[in-house]
Amino acid sequence: MRKLHAYVFIFPSLFLTLIFSIYPLMWALRFMFYDYQGFGTPVFIGLDNFARVMRDAEFWSSVKNTGIYALGKLIVTIPLSLLLAIILNRSLKGRTFLRAVYYLPTIFSASVMSIVFFIIFNSYNGILNQFLIKYDIISQPISWLGADHAMLTTVIIAIWGAVGNYMLLFLAGLQGIPEDLYEAASLDGAGEYEKLRHVTIPLLGPVMQMIIMLAITISLKGYESIMVLTGGGPYGKTEVMYLYLFKLLFPISPESQTLQQIGYGSAVGFTTALMVGGITVIYFFVSRKLNNIY
Amino acid sequence: MNRVVSGGVVSKSWPAVLGRVILWVFLIVTALVTLFPIIMVFLGSFKTNLEVTAGATLLPESWQFANYAKAWETANFSRFTFNSVFVSVTVTIGMLVVSSMAAYAVDRVQFAGKRIYMGLLASTLFISIGAVVLRPQYDLMVSLGLQKSLLGVIIILISAHATCFFIIIGFFRGIPKDLDEAAYIDGCNFYSVYWRIVLPLLRPALAVAGLGAFQGSWNEYILPLVFTLSNPSLQTLPVGLANLRYGIGAAAETQLMMAGACLSILPLLVVYLFANKSFMQVTVGAVKG
């Protein structure tokens, strides 16, 4: 009897998951083999969509941009957040307050964050340029969102929004290291640096591996803030994979000249997901080997 | 928590003092860089448009509190706020109900297909092909006639309740099964045990998971954007605010964008200040960054 009740209780969850997560996934998997614009009859074209993905210069340029974006973001975010976590894990005056400050950007929505930074980095009357000009650091306004700097600006904003989050994850990992190990190390005469080198880093290894893996997938998938800030422009300089994909499925941004292509979009989506998954798996195995060296 | 790693030891040697100075300079500079955009926008929201676009001042010359009234009325932020509150509150409640029911059944009863169900739920956490599923989700809502209200957004957001489910089921270990048995002996049934015994004891878990659900739905941008394309009166704060950037003449009213940004941050900021501890718990393992 209780089994029947249990089915009643999981029904809403199961129903929602099947209809709004699993079914859409199957739908997309099916339509990647079709020529379908969102209206009219879908035509089965086999693997043609994938052949087109291979030849699609705009897609590959977005792949390149994603690589630059993710790499630029991670190179700064991971060491910086780890450093902050290590510092703020020690007994330090104002520790709780500082943690809260660094974490603050994480509660911002990607859209609000981008609007705020749009106001700051805007070329003509942006706050940053006004300040730099007022204090004679530069004489001409820098075109932060122009073709030359847009990617850099995007990366800076991403770093600003992410450091607090990873700091917190690292802090959680650091708190899992048993206290006695530090005491034992102290008794053996280890200094600050030795403790970091021989206790903290090795013991944090597995946690660090997972956090970096999470960071890689998140930064490969991020596109909301870029969408609001630059819409992928100028000249597609900041167009990342998932933004390109979004534009194929919902061509709505004022700057977008893409046509709605659902069948092709599904194929691009599948290719993209495969690449993200592939990179994650490769990272996982390489980093596991690195861990073994320790 | 309180780890004493030589930080407590007062050392007077020169390198140590220098080290402390460098450490604090680093911490303070990082904190200032983090806070700068937030302070800038907060102070900017009280400036006149002229001052925002022309002068590089930190404090407003004269405090324009009217910016907020103007954003609230002219830029339609009252509407956006209502929509945001409606979506976030409904999604939070819905998610907690759906996940706590499912978690209760999974934790307390052995039933056929349990593993399959759990696997399915876990897979929705890991398999994500991003925007691709948005299109079928949208079409599905159109065929159900739900794209004309925010109900479509709400249902899709609730359907992504796997994280919430796993947070809650983690807490079930803390609720002894003996309590259920005692309640059964006292004449409770499956439903009244859930309502009278499990839910009240689950309160901390519901708070943590609910906070995450609220933050997530309050900040959601893509889904409400897609669903309000043909109906601007349904826009939520993140969507309405982002649209100001493209709106006609919006570039000329930066101070309203700033006021709007502050309005849309405020509720989360208040929650964050009051629930700092549980907030920190929620986000360990959350998928953002």
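Comparing A:Phe31, A:Phe59, A:Phe131 in a Gaussian network model of chain A, where Cα atoms under 10 Å apart are tied by springs, the biggest mean-square fluctuation is seen for A:Phe131.
Across every pair of non-identical alpha carbons in the range A:132-171, the mean reciprocal distance, once inverted, gives a Kirkwood radius of 12.2 Å. With contributions of -39500 (n - 2.57) from each DSSP H run of at least four residues, the per-residue ellipticity at 222 nm computed over chain A stands at -22000 deg cm²/dmol. Partner lysines whose Cα lies under 24 Å from the Cα of A:Lys93, excluding those fewer than 8 positions away in the same chain, are identified as A:Lys195, B:Lys12, B:Lys277. Per-residue shielding of A:217-227, expressed as the average number of other chain Cβ atoms within 10 Å of the residue Cβ, stands at 3.
Per-residue shielding of A:113-125, expressed as the average number of other chain Cβ atoms within 10 Å of the residue Cβ, stands at 6. Other residues within the sphere of radius under 15 Å centred on the Cβ of B:Asn67, judged by their own Cβ, net out at -2 (K and R +1, D and E -1). Paramagnetic label reach from B:Leu179 (point 7 Å along Cα→Cβ; backbone nitrogen cut-off under 19 Å): within the range B:201-243, residues B:201-210. In plain terms, if you count all Cα to Cα distances in the protein assembly as shown and split them into 10 Å steps from zero, the share in each step is 3, 15, 24, 26, 19, 9, 3, 0, 0 percent. Take each residue in A:91-99, count the other chain C-beta atoms within 10 Å of its C-beta, and the mean is 4. Its relative contact order, with pairs defined as Cα atoms under 8 Å and 6+ residues apart, puts chain A at 28 percent. Shape summary of chain B, radius of gyration then Dmax from alpha carbon positions: 24.3, 75 Å. Dividing the convex hull volume of the alpha carbon atoms of the range B:94-242 by its residue count gives 136 Å³ per residue. Counting neighbouring beta carbons within 10 Å and listing from fewest to most, the residues B:Thr53, A:Thr66 come out as B:Thr53, A:Thr66.
Label separation (A:Asp148 vs B:Val89): 5.2 nm, computed from points 7 Å beyond Cα along the C-beta direction. Our analysis of the range A:1-133 gives Rg over Rh at 1.15, with the two radii drawn from alpha carbon positions and Rh computed by the Kirkwood formula.
Go through A:8-20, B:105-117 and give me the packing order, highest mean Cβ count within 10 Å leading.
For the peptides A:8-20, B:105-117, the packing ranking is A:8-20, B:105-117.
Highest average first, the peptides A:110-118, A:161-169, A:146-154, B:32-40 ordered by how many other beta carbon atoms sit within 10 Å of their residues are A:110-118, A:161-169, A:146-154, B:32-40. Between the alpha-carbon centres of the range B:48-69 and the range A:101-123 there is a gap of 19 Å. Put in order of Cβ neighbour count within 10 Å, fewest first, the listed residues B:Leu58, B:Leu157 become B:Leu58, B:Leu157.
By the rule of a C-alpha distance below 29 Å, with chain neighbours fewer than 8 residues away ignored, the lysines paired with A:Lys247 are A:Lys64, A:Lys73, A:Lys221, A:Lys237, B:Lys148, B:Lys288.
Relative to one another, the C-alpha centroids of the range A:196-227 and the range B:214-230 are positioned 27 Å apart. Note on the range A:96-164: Rg/Rh from Cα positions, Kirkwood definition for Rh, rounded to two decimals, is 1.04.
The fewest-to-most ranking of A:Ile86, A:Ile282, B:Ile167, A:Ile262 by surrounding Cβ atoms within 10 Å reads A:Ile282, A:Ile86, B:Ile167, A:Ile262.
Anyone know which of B:Trp218, B:Trp24, B:Trp63 comes out most mobile in the 10 Å Cα GNM of chain B? Maximum fluctuation in the GNM of chain B, among the listed residues, is at B:Trp24. Taking amide hydrogens as placed 1.01 Å from N in the peptide plane, the amide H of A:Asp35 sits under 5 Å from those of A:Val43, A:Phe44, A:Ile45, each at least 5 positions away in sequence or on another chain. Rg then Dmax, both in Å and based on the Cα atoms of the range A:135-264: 22.0, 68. Extension gain, A:Tyr7-A:Glu179: 0.36 nm per intervening residue step, less the Cα-Cα distance, totals 57.4 nm.
Cα to Cα, under 21 Å, and not fewer than 8 places away if on the same chain: which lysines meet these conditions relative to A:Lys3? Here the lysines satisfying the reach criterion relative to A:Lys3 are B:Lys114, B:Lys177. Its Cα gyration tensor gives the range B:71-145 an equivalent ellipsoid; the semi-axes, largest first and in whole Å, are 34, 19, 11.
On the basis of the beta-carbon distance and an R0 of 51 Å, B:Asn49 and B:Ser143 show a calculated FRET efficiency of 0.65. Debye-formula intensities of chain A, expressed as log10 I(q)/I(0) at q = 0.11, 0.13, 0.16 Å⁻¹, are -0.87, -1.08, -1.28 (one equal scatterer per alpha-carbon, no solvent).
Largest first and in whole Å, give the semi-axes of the range A:164-233's equivalent ellipsoid, each being the square root of 5 times a Cα gyration tensor eigenvalue.
37, 11, 9
Largest mean-square fluctuation among A:Tyr235, A:Tyr193, A:Tyr36, in a Gaussian network model of chain A whose springs join Cα atoms under 10 Å apart, belongs to A:Tyr193.
Read the figures in this text as sums done on the coordinates, not as results from a lab. Here the structure is a predicted model, which is why all the values come from computation and not from measurement. No Cβ is skipped: glycine too gets one built from the backbone with ideal geometry, and neighbour counts run over all protein chains shown.
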